[in-house]
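The values are calculated or read from the model by the stated rules, or taken from the named source; none is laboratory data. As the structure is a prediction and not an experimental result, all values here were calculated from the model. With ideal geometry, Cβ positions are generated from the backbone for all residues, glycine too; neighbour counts draw on all protein chains shown. Side chains included, ligands, DNA and RNA excluded: accessible areas come from the protein's heavy atoms. Shrake-Rupley method; radii C 1.70, N 1.55, O 1.52, S 1.80 Å.
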Amino acid sequence: MKSLPDLTPFVNIIKEGGVVAFPTETVYGLGADARNPVAIQKVFETKGRPVDNPLIVHLSDTKMVHDFATDIPEAAKLLMKHFWPGPITLVLNKKEEILDSVTAGLPTVALRIPSNPLALEFIKQTGPLVAPSANHSGKPSPTQAKHVKEDFGDEFPVIDGGITNIGLESTVIGFEDDHITLMRPGKIGADEIESVTGLKVRSDHMNEQETPKSPGQKYSHYKPKADVVYKGVSAFNDHTLYVMQTAPEVKQNNVICYEGDLKQLSKELYDRFRQADQQGYHRVHIEPFEEHKAEYPAYYEALINRIRKTLG
Ligand code: TXA
Ligand code: MG
């Protein structure tokens, strides 16, 4: 096993009230001490994030949950046991003393334990961290250290953990008396959540005209400058970057091919959006991938959710 790098300089930045980007298994996060209001203010300033959009608190041990949340439902305990460390965020009733800037004044707090070993070790050394995705608000989430530097500058402190494994943000869920609300779909899907808890999962992210339960769902985080279209490809033009399942017969330089593997597409989608903008494409044309829904239903839902936010 590869040994982990020395994180001390990064840990010191957090302890001094600064912000550090670090890799998780989903996307890179912009970490700051969850109990330091000045550090949290820096997170909002760095990202240009609306203050009504609450943050996820990242922990390194389930014991720490009780420092942040109360009235923890049985279903939440089961999910923690089953999926943590991992890419699912639980929205729970918050403890009185949690800063309003973390929860945007909501009575709940979002918690997760990431599984990336660098993230876990970092949080072990710093204590609980708020960590929104480490991008400028309105840009695609970063899946590589260089994406963070594109947004925040070359000198920005980033723990480089290579390309993140999943590439789309964690599943976010909340708890009602008789069901679970899916606020943001991710790698851990409704089926798995239902089979672990025995509760029905209802989607909140679908009806976005109403007030969503998860404030972040109303913002189109993921929009590149290029237009995004999701439909069959009938002809090619030079101003468009095509994201296709299989390569066309006549070789095209502006076609990215992921062989119908939705895991692969999830891993590279945000990088493709950034690539399109950097290379001056006017459009990203994504070929529909419905036929792979049954293979990876959770990745499918998460991809469609992110792509829908960029259409238009
Ligand atoms: O995978 C992830 O979750 C990444 C990595 C870094 O862990 N983080 C991430 O954070 O995606 P962010 O801030 O980009 O997205 C957090 C989402 C937002 O949609 C926010 O509205 C929602 O979680 N959220 C946070 N606290 C909430 C709460 N108390 N109630 C409802 N939704 C909440
Ligand atoms: Mg984000």
- Which of (1) within 16 Å of ligand 2 (Cβ to nearest atom); (2) touching a residue at least 40 places away in the same chain (Cβ under 8 Å) is the odd one out, the single condition Glu45 does not satisfy? (2)
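What about Gly29, is it at positive phi and open to solvent by less than 40 Å² (accessible area, probe 1.4 Å)? I'd like the intermediate steps shown before the answer.
Numbers: at positive phi: no; open to solvent by less than 40 Å² (accessible area, probe 1.4 Å): yes.
Against the criterion (at positive phi and open to solvent by less than 40 Å² (accessible area, probe 1.4 Å)), Gly29 does not qualify.
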- Within the stretch 120-131, can you find the residues that are within 17 Å of the chain's Cα centre (by Cα), more than 8 Å from ligand 1 (Cβ to nearest atom) and outside any strand (DSSP E or B)? Leu120
- Task: Find the strands (runs of 3 or more DSSP E) located wholly in the stretch 133-204 whose residues include 1 or more that are farther than 18 Å from Asn53 by Cβ and either within 16 Å of ligand 2 (Cβ to nearest atom) or of a type in the set (Lys, Arg) (or both), and list them.
- Result: 200-203
- Item | Among the residues listed as Leu78, Leu92, Leu99, the single one being open to solvent by less than 40 Å² (accessible area, probe 1.4 Å) and either more than 23 Å from Asp160 (Cβ to Cβ) or within 16 Å of the chain's Cα centre (by Cα) (or both) | Leu92
- Query: Can you find even one residue in the stretch 47-70 that is more than 16 Å from Val91 (Cα to Cα) and of a type in the set (Val, Ile, Thr)?
  - Reply: yes
- Report, by residue number, each residue of the stretch 132-186 that is out of contact with any helix residue (DSSP H, G or I) (no Cβ under 8 Å at 6 or more places or on another chain), more than 12 Å from ligand 1 (Cβ to nearest atom) and farther than 21 Å from His58 by Cα. Lys146, Lys149, Asp151, Gly153, Asp154, Glu155, Glu176, Asp177, Asp178, His179
- Message: With the requirement that a residue be touching a Leu at 6+ places or on another chain (Cβ under 6 Å) and either assigned to a strand (DSSP E or B) or open to solvent by 90 Å² or more (accessible area, probe 1.4 Å) (or both), what does the stretch 277-312 give you?
- Response: Val284
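Sort out which residues of the stretch 40-63 are polar (S, T, N, Q) and either touching a Leu at 6+ places or on another chain (Cβ under 6 Å) or open to solvent by less than 30 Å² (accessible area, probe 1.4 Å) (or both), and write them in order of number. Before you say what the answer is, go through the steps one by one.
So in the stretch 40-63, the residues polar (S, T, N, Q) come out as 41, 46, 53, 60, 62.
Correct list: Asn53, Ser60.
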